[in-house]
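Taking it in order: structure first as structure tokens, then the write-up.
The values are calculated or read from the model by the stated rules, or taken from the named source; none is laboratory data. The structure displayed is predicted, hence computed values, not measured ones. All Cβ positions, glycine included, derive from the backbone under ideal geometry; neighbour counts span all protein chains shown.
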Amino acid sequence: MHNISTFLVTGIVQGVGFRPFCARLAEDMGLGGSVKNTSDGVVIKLQGSQTQIDAYLQRLQKEKPEASHISSIDLLFQEDSCEEKGNFVIEKSLRLEHQRVLIPPDIATCNDCLREMRNPSNRRYRYPFINCTNCGPRYTIIEDLPYDRPSTTMRSFAMCPQCHFEYTRSSDRRYHAQPNACFDCGPSLYLIDKNGRVAAEGEEALQICCSRLKKGETAAIKGLGGFHLACDPFNSEATQKLRRRKNRKDKPFALMVSDLARAKQLVYLTGTAEKLLTSSKRPIVLCPAKRNSGLSPLVAPGQNALGIMLPYTPLHHLLLEHFDALIMTSANMSDAPIISDNNEAQASLSDLADLFLMHNRDIHMAIDDSVIASQGQEYIVLRRARGFVPIPLASLHKGPVIIAAGAEMKSTFTLTQDNTIFPGQYLGDLKQIGTIVYYKKALEHFLKLYNLHPEYLVYDLHPQYISAPLARKVIKRPFNATLGVQHHHAHMAACLLENRREEPTIGAIFDGTGYGDDGTIWGGEFLVADMKSYERKGSLLPCPLPGGEKAVLEPWRYGLALLTLTLGNEEAMALSGQIWPEKKSLLPSQLAIMNASPITTSCGRFFDGVSALLGFCTDISYDGQAAMELEGHAKGESIAPFEILEKDDFLSLDWRPALKWMVENRQHHRKESLAAAFHGGLALGTANLCLRISERTGIKHVALSGGVWQNRRLLVLTLSYLRRRGLLPLTHHLLSPNDENVSVGQAAIGMAHWAVPGLEYVQSGQ
């Protein structure tokens, strides 16, 4: 007599070697039964004694594959049986009506595969697409669930006898590895010239590509989630040529370095940075740059940091055998989505690349590299994409199926089901037609994979954002209800969700632009909020934005406005003419329109204006440039004086004393010192204003969200000042603080709103 127990295991349990592990564990423990993928999760049937089954479940959770994550183990049914105990087998996958499976992200090449690829006696020696159950493509090749080869872009590659033997042998590392392949049966490499002709194949293609890169040419290289444009970062002529072709005047290029030792020659690495670089996610990590590294100054002009990553595909490892480092920037025109299709690459990149290193494994879902900024033992996610997507978050509430449409810049969408939140990948700026197409495709992909049919819509209150109309267009049916959410409340809700907090919390929400309840442009806000409601308690002192959106691209315009409010028209005009002599003829017209200009509390624009005033960046060529250069050049520990004003219980952080102090000290302090003083003063002022709110409300927790908190200097200083005042800061650690998190915050608010029938959305603006 023995037990037959059947369990449903949910989580990231498909595409990560989970079934082979289950089979090997059962064989090791002498258990019979079966395991199979379903659209609901992994179903495990165990035959044996209760003691054996209990021990199996304990080892299952303790010894599971590194890339897997178990959310739950539920007993479906149990019975006693007199039947003879059989072997443990992997059964055919089963698709159910309602899908709950969590899809694994793409996983960097494991050490076992690298050793085989570098072993001349191994049959996969130098095979550019080697993989196993512990590594390789996942999200980018999956078209449908359950996760089996026919549901991926690998379905056109029939396994050879040797690969099939590995695939079906339970003791093999490639047991049920869906992308399993070799030279005889898998994807292959080839080189295309600018005329679209195949110039070489296989190893020859790789060698020719490397040779031409060394000569200063640019190659479009197909990777895991799309194409990169690659060139030699030690060659200024090659780097400048790439900038000119890509229309990328100043924005830094990311580097792929051969190994950790080479990375240490280019940047300063903390233990945290090393862990991030070598993790299975393999993000780009922003680290302080070393001088005299030999890199072209054109790699990251105006910056004191470099974005570096280690190879994460077999092809990357083979390429980097020939180089210490390569520029590896997304293959697209400036601000457009990454290109992943072979034909599109040839058509769109012919003016950018001299040659194309391609392969014939299709990328179903394009995805950018993730970007993380390292700061001491802390880090900030700047772009959540490859390696992180589609890992879900746990909700604080159980609710219906919701689509959260997100913002417009750095757009994302988020879906919910039961108590799970599924953030989509970084998509880009929805003002770009290509990004609109990308948004629709990615959303349709998520809906199909999870078999979701959203009943509710949450969207940003900005009347001109197209994210909500886009979501409606994809869903193609009426919603039960919709909910508009204020932009900065969404930011704060995302931070609360990450930190598992529902109670009222103080928020310092700093970004570039958010539609305010009063019709003005918010962006430097102090809130008291929970998931259900918010109240605006304070802000940065408002200032006109001359030229409206033009001021975003021309920070000197906002710098002029700051000076005018600080010094008065006459003195501001005189000083502006000294600071920006090339703009002197434009100053009177900007002064004339000041009173008719939109009003903003934007902290992002504040950084831009100060950057222009100190002479770092007058005009920008990419989003965030002025603020990044201001941060990058800041040196010292001075503190510019900010004050707190109060009117009708509303608190304003007055920056005019700080501006006046910086103007008065222009001749006595280096601009790098003034930049540091600005950061220090803003951090101290923020902490003091939060303390003022805390004293009135009794609330100790402070949430920091919004794109400005990507500034590592400001973040570290503010955290220190908050803690010294007995306050408890909450920051992002899974999501980016920028507008990527808006859709997650919208979803969290929607879950709270619809989790309790009749709950009203309450907002109080000023």
Of ASP54, ASP112, ASP28, ASP74, the only residue that is modelled with pLDDT of 85 or more and under 30 Å from PRO283 (Cα atoms) is ASP112
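Condition check ((1) among the basic types (Lys, Arg); (2) over 24 Å from TRP754 (Cα atoms)) across all residues:
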residue	(1), (2)
LYS476	yes, no
GLU503	no, no
ILE506	no, no
ILE509	no, yes
THR513	no, yes
ASP518	no, yes
GLY524	no, yes
Of everything in the range 516-553 that's touching a Gly at 6+ places or on another chain (Cβ under 6 Å) and modelled with pLDDT under 95, which residue is farthest from ALA747 (Cα to Cα)?
ASP518
Tell me the residue from ALA385, ALA347, ALA404 that is surrounded by fewer than 20 Cβ atoms within 10 Å (Cβ to Cβ) and either under 22 Å from the mean Cα position of the chain (by Cα) or in the same structural domain as PHE227 (by TED's automatic domain parsing) (or both), please.
ALA347
Scan the range 605-622 residue by residue and report those that are buried (at least 24 other Cβ atoms within 10 Å of the Cβ) and small (Gly, Ala, Ser).
GLY609, SER611, ALA612
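So which of ASP530, ASP517 is farther than 20 Å from PHE606 by Cβ and either aromatic (Phe, Trp, Tyr) or more than 25 Å from the chain's Cα centre (by Cα) (or both)?
The conditions single out ASP517.
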Out of all the residues in the range 499-514, which are under 24 Å from the mean Cα position of the chain (by Cα) and surrounded by fewer than 23 Cβ atoms within 10 Å (Cβ to Cβ)?
ASN499, ARG500, ARG501, THR513
Matching residues in the range 394-441 - criterion: being in contact with a Leu (Cβ under 7 Å, 6 or more places away or on another chain), outside any helix (DSSP H, G or I) and of a type in the set (Phe, Trp, Tyr):
PHE413, PHE422
Residues in the range 545-562 that are in a helix (DSSP H, G or I) and out of contact with any Ser or Thr (no Cβ under 6 Å at 6 or more places or on another chain): how many?
9
For the range 711-731 the number of residues that are surrounded by 24 or more Cβ atoms within 10 Å (Cβ to Cβ) and in contact (Cβ under 8 Å) with a residue 40 or more places away in the chain is 3
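Somewhere in the range 154-167, is a residue outside any helix (DSSP H, G or I) and either touching a Gly at 6+ places or on another chain (Cβ under 7 Å) or crowded, with 22+ Cβ neighbours inside 10 Å (or both)? Show your work before the answer.
Initially, the range 154-167 is screened for residues outside any helix (DSSP H, G or I), giving 154-160.
Going one step further and asking which of them are either touching a Gly at 6+ places or on another chain (Cβ under 7 Å) or crowded, with 22+ Cβ neighbours inside 10 Å (or both), we end up with 154, 157.
Yes; the residues of the range 154-167 include at least one that is outside any helix (DSSP H, G or I) and either touching a Gly at 6+ places or on another chain (Cβ under 7 Å) or crowded, with 22+ Cβ neighbours inside 10 Å (or both).
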Unique residue being among the polar types (S, T, N, Q), at pLDDT 90 or above, surrounded by fewer than 24 Cβ atoms within 10 Å (Cβ to Cβ) and over 13 Å from LEU630 (Cα atoms) when the list is ASN595, ASN569
ASN569
Filter the range 735-749 for residues that are out of contact with any Lys or Arg (no Cβ under 8 Å at 6 or more places or on another chain) and in a loop (DSSP other than H, G, I, E, B) and give the result.
PRO737
Could you list, in sequence order, all residues of the range 545-555 that are within 15 Å of CYS603 (Cα to Cα) and crowded, with 23+ Cβ neighbours inside 10 Å?
LEU545, ALA551, PRO555
Single residue of LEU276, LEU320, LEU310 found to be of a type in the set (A, V, I, L, M), over 25 Å from GLU116 (Cβ atoms) and in contact (Cβ under 8 Å) with a residue 40 or more places away in the chain
LEU276
Can you find a residue that is in the same structural domain as TRP661 (by TED's automatic domain parsing), assigned to a helix (DSSP H, G or I) and either of a type in the set (Lys, Arg) or surrounded by fewer than 24 Cβ atoms within 10 Å (Cβ to Cβ) (or both) anywhere in the range 520-539?
no
Name every residue in the range 366-382 that is among the charged types (D, E, K, R), over 21 Å from CYS110 (Cβ atoms) and surrounded by 21 or more Cβ atoms within 10 Å (Cβ to Cβ), in order of residue number.
ASP368
Within the range 483-492, can one find any residue that is more than 18 Å from GLY706 (Cα to Cα), modelled with pLDDT of 95 or more, touching a strand residue (DSSP E or B) at 6+ places or on another chain (Cβ under 8 Å) and outside the structural domain of TRP580 (by TED's automatic domain parsing)?
yes
Checked LEU567, LEU562 against criteria (in contact (Cβ under 8 Å) with a residue 24 or more places away in the chain and under 22 Å from ASP623 (Cα atoms)); the one match is LEU562
In the range 580-609, what count of residues is obtained for those that are assigned to a helix (DSSP H, G or I), farther than 30 Å from ILE509 by Cβ and touching a helix residue (DSSP H, G or I) at 6+ places or on another chain (Cβ under 8 Å)?
5
